[in-house]
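**Q** Pasting a structure below so you can have a look.
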Amino acid sequence: MDVTLLLSKLPDLSCERNSYGEDLDIVNKALLGESDKEKKKEIILSWIKRKQPCMLGRLASTGKQNIQLSVYVVDDNDIALGQEHLKTYLQACRLEWK
């Protein structure tokens, strides 16, 4: 099934105020206000370094102790480019990760 069709079936929660905590609200706002994928990765890794409950996640986000963490961003532009683009992009991310 086409991912854009699946996404269109999700409920629109934009009118509701859902919060998972002030720190995540701040990160979400920063992510939604940024278009550059590398900057989005930096925002995510910065949150993980400070707020991730799992110590391994925190260590991995810093690159210390030979623990690695890979972050790949799929954004609205990727989705708008369609299923084939997403498949190609995610496969490239997977190959880079390995």
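The values are calculated or read from the model by the stated rules, or taken from the named source; none is laboratory data. Please read all numbers here as calculations on a predicted model, not as lab measurements. Cβ sites come from the backbone with ideal geometry, for glycine too, and all protein chains shown count toward neighbours.
**Q** Taking the stretch 30-71 on its own, how many of its residues are assigned to a loop (DSSP other than H, G, I, E, B), touching a residue at least 24 places away in the same chain (Cβ under 8 Å) and among the β-branched types (V, I, T)?
**A** Qualifying residue count for the region: 1.
**Q** Looking at the stretch 3-24, which of the residues that are surrounded by 10 or more Cβ atoms within 10 Å (Cβ to Cβ) and either among the hydroxyl-bearing types (S, T, Y) or within 14 Å of the chain's Cα centre (by Cα) (or both) is modelled with the highest pLDDT?
**A** Selected residue: L24.
**Q** Which pairs turn up if I take residues in the stretch 11-29 that are β-branched (V, I, T) and look for partners that are not in a loop (DSSP other than H, G, I, E, B) with beta carbon separation below 8 Å, at least 6 apart in sequence or on another chain?
**A** V27/I43; V27/I44; V27/W47
**Q** Quick test of your reading of the structure: L86 fulfils all but one of (1) free of Cβ contacts under 8 Å to residues at least 40 places away in the same chain; (2) surrounded by 10 or more Cβ atoms within 10 Å (Cβ to Cβ). Name the failing condition by number.
**A** Among (1) free of Cβ contacts under 8 Å to residues at least 40 places away in the same chain; (2) surrounded by 10 or more Cβ atoms within 10 Å (Cβ to Cβ), the lone unmet condition for L86 is (1).
**Q** A further question follows. Select, from K49, K9, K40, K29, the only residue that is among the charged types (D, E, K, R) and within 20 Å of Y89 (Cβ to Cβ).
**A** Residue meeting the stated conditions: K40.
**Q** Tell me which residues, restricted to the stretch 70-95, are under 20 Å from L5 (Cα atoms) and either over 15 Å from the mean Cα position of the chain (by Cα) or among the charged types (D, E, K, R) (or both).
**A** Hits for the stretch 70-95 are D75, D76, D78, A80, L81, G82, Q83, E84, H85, K87, T88.
**Q** Those residues that are among the aromatic types (F, W, Y) and not in a helix (DSSP H, G or I), I need them from the stretch 72-95; list them, please.
**A** Within the stretch 72-95, just Y72 meets the criteria.
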